[in-house]
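S.K.: Please find one structure pasted underneath; my questions will follow.
The values are calculated or read from the model by the stated rules, or taken from the named source; none is laboratory data. Quick caveat, the model's predicted, so the values are computed rather than measured. Cβ sites come from the backbone with ideal geometry, for glycine too, and all protein chains shown count toward neighbours. When the accessible area is computed, the model is the full protein with side chains, heavy atoms only, and any ligands, DNA or RNA have been set aside. Shrake-Rupley method; radii C 1.70, N 1.55, O 1.52, S 1.80 Å.
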Amino acid sequence: MRTLGRKSFKYGKIEARMKLPVGQGLWPAFWMMGDDITSIKWPACGETDIMEHINAENTVYGTIHWDNNGHLQNGGHINTTPAEFHVYGVEWDADSIKWFVDNIEYHSANINSNNMEEFHQPFFIIFNLAVGGDWPGQKIDDNLFPAKMYVDYVRVYQKKP
């Protein structure tokens with residue numbers, strides 16, 4: 001699911017309460033990309049991974065990707081119980097992006113350095129459940145299917161101008 005062409009956001013608190021599938025080859029994600037992806041491509045459009053999880057580990061990741069004469073990234077991770085419901089989110093303002101699980105901050109990135117203008121433009125939201133790939137690997141446990149990612153709610157809070 002993606003909101004490209006429907007709704008985009010610049011700054012705010014973006015969160016979703018989710019329960020993730022766990023197993024070899026699964027890669028659920030809740031993320032955002034710059035609205036200008038169709039004209040300037042990745043990573044120049046910017047990417048904010050609010051939550052990514054791979055395979056059967058208990059770790060979730062939050063990362064930003066951008067372009068500064070090549071692909072750069074900044075990320076963090078936290079251990080949790082992804083097969084149970086948790087609230088995954090970011091707080092994004094003109095200075096930083098902060099990542100949270102159940103309102104516990106686990107990473108922060110300054111977005112006013114390294115030519116990070118990507119993060120001062122509107123972004124759209126994406127939810128997906130990938131199977132296989134470079135990060136989780138090509139080994140896939142076929143016994144996991146049908147795999148399901150449950151999203152209880154998505155909320156976006158923005159300050160009035």
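S.K.: Give me the Kirkwood hydrodynamic radius of region 93-157 in Å, from all C-alpha pairs, to one decimal place?
M.R.: 15.6
S.K.: Excluding ligands and nucleic acids, what accessible area in Å² is computed for residue 129 using a 1.4 Å probe, to the nearest 10?
M.R.: 60
S.K.: Another question, then. Would you kindly find the accessible area of residue 85, with a 1.4 Å probe and non-protein molecules such as ligands, DNA and RNA excluded, rounding to the nearest 10 Å²?
M.R.: Accessible area, nearest 10 Å²: 80 Å².
S.K.: A follow-up question, please. Where in region 88-161 are there trypsin sites (Lys or Arg not before Pro) that are in a DSSP coil and have at most 15 other Cβ atoms within 10 angstrom of their Cβ?
M.R.: Sparse-neighbourhood loop trypsin sites (Lys or Arg not before Pro): 139, 148, 159.
S.K.: Determine the distance separating the Cα centre of region 82-161 from the Cα centre of region 2-70; give it in Å without decimals.
M.R.: One Cα centre to the other: 5 Å.
S.K.: Over 25 Å between C-alpha atoms is what I'm after, so list which of 41/148; 19/159; 7/139; 98/159; 10/41 land there. Provide the component values of the computation, followed by the final result.
M.R.: Working: 41/148 30 Å; 19/159 28 Å; 7/139 36 Å; 98/159 17 Å; 10/41 18 Å.
In this structure, 41/148; 19/159; 7/139 lie more than 25 Å apart at Cα.
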